[in-house]
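Data block below; observations after.
The values are calculated or read from the model by the stated rules, or taken from the named source; none is laboratory data. Just so you know, these numbers come straight off a predicted model, no measurement behind them. A quick note on method: Cβ atoms are made from the backbone with ideal geometry, for glycine too, and the neighbour counts reach across all protein chains shown.
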Amino acid sequence: MRSSDVRAVARAIYGTILATALVAALSAYEGMGAWQILVSMVVTMVVFWVAHVYAEVLSQRLSAGRGLTWPEVRHAFRSELPMVAAAVPAALALLGSAVGLYSRDTGTWIAVGIGVAALFGYGLLLAYRERATVPRTLLTVLVNGSFGLVIVALKAFVH
């Protein structure tokens, strides 16, 4: 796997954890409707995306010893996109709730469930890429998925 692909996966994992944690935390506020949770999650993801781009641009400037060109800055924005893209499935689950297809609580549980499933999936991808044995695959999947399970446990505890 190319290093740019590896970094994209890392950004997607980070985005998945962030989006899942945001939905879980925001859903604890009974006064927040599905629209408010959706908008808050999306805005927060965009803020984190811009912050990551800013940090990347600054680190590249330090490394290069010069200001960056606009194509280099655009590349930084694009390279951080997997972090935001990882939140799209959760956002769609929340949108279904916001438009009345199902309840707010159902929408947040679907969004969190999607995040947990994605984290287990990333563990499976990692084990596959490592050509791991079955026991090692199970351990890798469980360790990666445990981040999501902790978020679910915290969500359940708060409710």
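Scanning segment 10-30 for residues that are assigned to a helix (DSSP H, G or I), among the hydroxyl-bearing types (Ser, Thr, Tyr) and under 16 Å from Thr108 (Cβ atoms) turns up Thr16, Thr20. Considered as a group, the residues in segment 33-90 that are touching a residue at least 24 places away in the same chain (Cβ under 8 Å) and not in a helix (DSSP H, G or I) include one that is farthest from Val6 (Cα to Cα), and that residue is Gly33. Among the conditions (1) under 21 Å from Ser97 (Cα atoms); (2) loosely packed, with under 14 Cβ neighbours inside 10 Å, the only one that Gly113 does not satisfy is (2). Taken residue by residue, segment 127-138 has at least one member that is assigned to a helix (DSSP H, G or I) and among the small types (Gly, Ala, Ser). Pairing residues of segment 127-141 that are in contact (Cβ under 8 Å) with a residue 24 or more places away in the chain with residues that are not charged (D, E, K, R), at Cβ distances under 9 Å and at least 6 apart in sequence or on separate chains, gives Arg129/Met1. Quick check, is Val84 hydrophobic (A, V, I, L, M, F, W, C), buried (at least 16 other Cβ atoms within 10 Å of the Cβ) and within 30 Å of Val143 (Cβ to Cβ)? Considered against the rule, which asks whether it is hydrophobic (A, V, I, L, M, F, W, C), buried (at least 16 other Cβ atoms within 10 Å of the Cβ) and within 30 Å of Val143 (Cβ to Cβ), Val84 comes out as yes.
Restricting Gly107, Gly148, Gly115 to residues that are more than 18 Å from Ala12 (Cα to Cα), in contact with a helix residue (DSSP H, G or I) (Cβ under 9 Å, 6 or more places away or on another chain), in contact (Cβ under 8 Å) with a residue 60 or more places away in the chain and in a helix (DSSP H, G or I) narrows the list to Gly107.
Quick grid of which residues meet (1) at pLDDT below 95; (2) surrounded by 12 or more Cβ atoms within 10 Å (Cβ to Cβ); (3) closer than 24 Å to Leu154 by Cβ:
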{"site": "Glu30", "(1), (2), (3)": "yes, no, yes"}
{"site": "Trp35", "(1), (2), (3)": "no, yes, yes"}
{"site": "Met45", "(1), (2), (3)": "no, yes, yes"}
{"site": "Ala55", "(1), (2), (3)": "yes, yes, no"}
{"site": "Leu58", "(1), (2), (3)": "yes, yes, no"}
{"site": "Arg66", "(1), (2), (3)": "yes, no, no"}
{"site": "Ala93", "(1), (2), (3)": "no, yes, yes"}
{"site": "Ala98", "(1), (2), (3)": "no, yes, yes"}
